[in-house]
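**Q** First the structure, then my questions, so here it is.
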Amino acid sequence: MGVLVYLAAGWMLLVALYGLVTSRNLVHAVGCLSVAQASTYVLLLAVGYRDGATAPVFSDLAPGSRPLVDPVVQALALTDVVVGATVTALLLALTIQLRKRYSTLDPQALTGLRG
Amino acid sequence: MTQADLLPWAVAIPLLGAPVLAVAGRVLPRLGCDVLATAAAAGDVACLALLWSRIHGVSTARLGGWPARVGIVLAADRVGAGLALLVAVLVLAVLVYSWRYFDEPSGERAGLFPAMVLVFEAGMVGFALTGDLFNAFVFFELMGASAYALTGYRIEDPRPLQGALTFGVVNSFAAYLSLLGIGLLYARTGQLDLAAIGRGLAGRPPDLLVVTAFALVVTAMLVKAAVAPFHFWLPDAHAVAPTPVCMLMSGAMVELGVYGAARIYWTVFSGAGGVPHDAFRHTFTAFGVATALLGAVMCWQQRHLKRLLAFSTIAHVGLFVTALAALTPDGTAGAAVYVAAHGCVKAALFGLTGVLLDRYGSVDEHGLHGRARQLRLVGVLFTVGGLALAGLPPFGTGLGKALSEEAVSSSAGAWLTAVYVAVSAVTGGAVLRVALRVFWGVGPRPAEDHDDDQTTGEGEEPEIRGPLRGLPVMMTAVPGALLVLGAVPGCVPAVAHAITDGARALADPALYRRAVLGPPAEVRLPGAPVSSAWTVEGVALGCVSAAAAILLGAGSALRPLPAGRLLRLGVRALRRLHSGHLGDYLAWLAVGVAVLCAALAAQA
């Protein structure tokens, strides 16, 4: 896979940043945050990838018989998914509540806090 | 119990207490919830106090019995354990403070607020005690998620929702940046333990990957610490969060960001193959001074009391970062004392602001002019808090400021001392100005200016229903006790000595590495102790900044200070930058990361 996958992770991060900076809808903004997080999955999995290796599951595999991909980064990515799900759910709940109270989803229409 | 037994309990007690409270809150009466929550918080304070008093170098606990290269290690020196203790003390104070604070017919929700505070505590304590980089990320997000939820606690009001969303998106985005950095470090070294990564980096000369990884990881810490230009979320979140939550965020959470940056630099990147000391010193001194000055200027401009205190926190964070950036044991020691005392004093000031919000439903300096005359005790405490913030001896803030000044002036030049004095005087002066106007009605009522670029603080929803009841005793007793605690490091030499002595361990990565990667045994701290006593110069500078604060506060309360047109334009431009728009804040975050990367890469 080489360097391309790292570039892809960086590209996803920048796309997410662009989306967040220009966002006119909070649901879209929370989605962009998930894209930023997806870039971390790509990077983590790319770090653990090995050519010709298989999954580190030993139920049908004798230890040492084949090269394996790194299970640590997969565990990290899984933990990351859990963390991301919590944060996304919380932010979306706040967004729904905001829509109820303010009847807008445009972050640029929120002017209660400034200076 | 040994330290290795106490370490996991420090995280486990609040983590176990939270679900118990959330479930028991459905059946228990209000009093039962309060007793449970206070017991959990007090238990954690006792656990951490025991731990803190017993640590002499670095104590470790290998979770599940796995060594550091495989498993996760909790590692505490005096600074980490001390910060965790500060967190636990403030959580206890906050829970006692809010005994009657959310005194609404909450039904099933009675145990929910203290339960969330305990989860928040678990995240903060875990972050301070962990020795594993990925684990630190998880705790970072745990304290983040509970802080977002607590900020938006009052979901009936639109502004808390806006503040919580901004806070959440900016902090989580920064956390993902740090995870990218962690991934890069793992790719290079195959390790996640702080000490093991540090050892792994030492093999090769530093290159762009190491610098990028450092910039990414430290960005999350700087966002949490609210260092300019990453600070925009903080005043918005503080302006809208319930007062007890502000006490925790300003008093401890923000400081944990500063600690995280220092811990990661010292343990991972300070050796061979990391980021050179000079590069870190110059870059972070610049960031620190810019943050301190910006925070002070913006603090002076505020009329919304919580925003004023929030900007004062930003200004002080700048001072902490500057002291840590000296990269000497003295600087670290100064910052440690400063953080400990500042946390107590700032939490006390927020608590007293909560009294105003409770009584008058407003935190607007102009609207409250002269209205709080009958709250004499609160006024006196608020004034004392302002003086402590300005660094008046014998408060711990004064001692921390004096030690920091000494450290930075010997490493970077005497001009930095002027920054410390000026920033302390302006932030203290702003608080004194508020105290004189609100509690004593000094000076004319400020003219109403219809400036769209500011948050006034009028028309706040009172955080409690039924203001007819008397003022709960705890709402003044707790801030009073916190102010006394803020004076302890400055008045009791043994405490100051314990804090500064422990700070040497933070600045000694070899010690940490030996403790975490070596055979399991307590590693003791070698070398000469750093000074922790008042000096004549320190007392004099503390008195100067306190006197300047009094002059500024009294002067501006009596008569609006004259300001040139250019100055007004400059201040106006600064205020416009704090636009409240999520997109702007993230754009500034991107600029900050770019500047950080460029500055470090140019010097590495």
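Here is a yes/no grid of residues against (1) aliphatic (A, V, I, L, M); (2) touching a Leu at 6+ places or on another chain (Cβ under 8 Å):
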{"residue": "B:D193", "(1), (2)": "no, yes"}
{"residue": "B:A202", "(1), (2)": "yes, no"}
{"residue": "B:P205", "(1), (2)": "no, no"}
{"residue": "B:V211", "(1), (2)": "yes, yes"}
{"residue": "B:D236", "(1), (2)": "no, yes"}
{"residue": "B:V245", "(1), (2)": "yes, yes"}
{"residue": "B:M253", "(1), (2)": "yes, no"}
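**Q** Just for the range B:168-178: of the residues that are out of contact with any Phe, Trp or Tyr (no Cβ under 6 Å at 6 or more places or on another chain) and within 7 Å of chain A (Cβ to nearest Cβ), which one is surrounded by the fewest Cβ atoms within 10 Å (Cβ to Cβ)?
**A** B:F173
**Q** Another question about this same structure. Going residue by residue through the range A:66-77, is there one that turns out to be under 22 Å from B:Y148 (Cβ atoms), among the β-branched types (V, I, T), at the interface with chain B (Cβ under 9 Å from one of its Cβ atoms) and crowded, with 19+ Cβ neighbours inside 10 Å?
**A** Looking through the range A:66-77, none of the residues is under 22 Å from B:Y148 (Cβ atoms), among the β-branched types (V, I, T), at the interface with chain B (Cβ under 9 Å from one of its Cβ atoms) and crowded, with 19+ Cβ neighbours inside 10 Å.
**Q** Here is a further query. Conditions: (1) more than 7 Å from chain B (Cβ to nearest Cβ); (2) assigned to a helix (DSSP H, G or I); (3) over 19 Å from the mean Cα position of the chain (by Cα); (4) in contact (Cβ under 8 Å) with a residue 12 or more places away in the chain. A:V15 meets all but one. Number of the miss?
**A** Only one criterion is unmet by A:V15, namely (3).
**Q** Also, I was wondering about something else. Between a residue in the range B:141-161 that is farther than 18 Å from B:A110 by Cβ and more than 7 Å from chain A (Cβ to nearest Cβ) and any residue that is aliphatic (A, V, I, L, M) and part of a loop (DSSP other than H, G, I, E, B), which pairs come within a Cβ distance under 8 Å, given they are 6 or more apart or on different chains?
**A** Going by the 8 Å Cβ cut-off, the qualifying pairs are B:T151/B:A241; B:P160/B:A241.
**Q** Any residue at all in the range B:185-199 that's more than 22 Å from the chain's Cα centre (by Cα), under 19 Å from B:R263 (Cα atoms) and basic (K, R)?
**A** yes
**Q** Just the residues that are more than 9 Å from every other protein chain (Cβ to nearest Cβ) and within 24 Å of B:L184 (Cβ to Cβ), please, taken from the range B:122-140.
**A** Passing the criteria: B:G126, B:F127, B:T130, B:G131, B:D132, B:L133, B:N135, B:A136, B:F139, B:F140.
**Q** Oh, and also: Does any residue in the range A:29-58 that is facing chain B (nearest Cβ under 9 Å) come within less than 8 Å, Cβ to Cβ, of a residue that is among the small types (G, A, S) and not in a helix (DSSP H, G or I) six or more places away or on a different chain, and which pairs are these?
**A** So the pair list comes out as A:A29/A:S23; A:C32/A:S23.
**Q** Within the range B:556-604, work out how many residues are within 13 Å of another protein chain (Cβ to nearest Cβ) and outside any helix (DSSP H, G or I).
**A** Residues in the range B:556-604 being within 13 Å of another protein chain (Cβ to nearest Cβ) and outside any helix (DSSP H, G or I): 4 in total.
**Q** Of (1) of a type in the set (A, V, I, L, M); (2) more than 16 Å from B:L83 (Cβ to Cβ); (3) in a helix (DSSP H, G or I), B:L248 satisfies all except one. Which?
**A** With (1) of a type in the set (A, V, I, L, M); (2) more than 16 Å from B:L83 (Cβ to Cβ); (3) in a helix (DSSP H, G or I) applied to B:L248, the lone miss is (2).
**Q** Limited to the range B:287-335, what total is found for residues that are under 22 Å from B:G386 (Cβ atoms), surrounded by fewer than 24 Cβ atoms within 10 Å (Cβ to Cβ) and more than 14 Å from chain A (Cβ to nearest Cβ)?
**A** Count: 1.
**Q** Let me ask another. Out of (1) surrounded by 15 or more Cβ atoms within 10 Å (Cβ to Cβ); (2) touching a residue at least 24 places away in the same chain (Cβ under 8 Å), what's the single condition that is false for B:A590?
**A** Status for B:A590: all satisfied but (2).
**Q** Ok, one more. In the list B:A239, B:A196, B:A220, which residue meets the criterion of being among the small types (G, A, S), touching a strand residue (DSSP E or B) at 6+ places or on another chain (Cβ under 8 Å), part of a helix (DSSP H, G or I) and within 14 Å of chain A (Cβ to nearest Cβ)?
**A** B:A239
**Q** B:L165 - would you say it is over 16 Å from the mean Cα position of the chain (by Cα), within 10 Å of another protein chain (Cβ to nearest Cβ), in a helix (DSSP H, G or I) and surrounded by fewer than 24 Cβ atoms within 10 Å (Cβ to Cβ)?
**A** Judged against the criteria, B:L165 is not a match.
**Q** Report whether or not B:V423 is at pLDDT 95 or above and farther than 30 Å from B:G152 by Cβ.
**A** Criteria met by B:V423.
**Q** Scan the range B:346-367 for residues that are among the small types (G, A, S) and either in a loop (DSSP other than H, G, I, E, B) or more than 22 Å from the chain's Cα centre (by Cα) (or both) and jot them down.
**A** Result: B:G361, B:S362, B:G367.
**Q** Let me ask something additional. Looking at the range A:1-57 only, could you name the residues that are among the hydroxyl-bearing types (S, T, Y) and either surrounded by 15 or more Cβ atoms within 10 Å (Cβ to Cβ) or within 23 Å of B:T166 (Cβ to Cβ) (or both)?
**A** A:Y6, A:Y18, A:T22, A:S23, A:S34, A:S39, A:T40, A:Y41
**Q** Inside the range B:253-276, can you point out the residues that are more than 23 Å from the chain's Cα centre (by Cα) and among the aliphatic types (A, V, I, L, M)?
**A** Scanning the range B:253-276 gives B:A272, B:V275.
**Q** Here are some conditions: (1) in contact with an Asp or Glu (Cβ under 9 Å, 6 or more places away or on another chain); (2) buried (at least 23 other Cβ atoms within 10 Å of the Cβ). B:R154 meets all but one. Which one does it not meet?
**A** Of everything listed in (1) in contact with an Asp or Glu (Cβ under 9 Å, 6 or more places away or on another chain); (2) buried (at least 23 other Cβ atoms within 10 Å of the Cβ), B:R154 misses just condition (2).
The values are calculated or read from the model by the stated rules, or taken from the named source; none is laboratory data. All values reported here derive from a predicted model rather than from experimental measurement. Every residue, glycine as well, gets a Cβ built from its backbone with ideal geometry; the counts of neighbours run over all protein chains shown.
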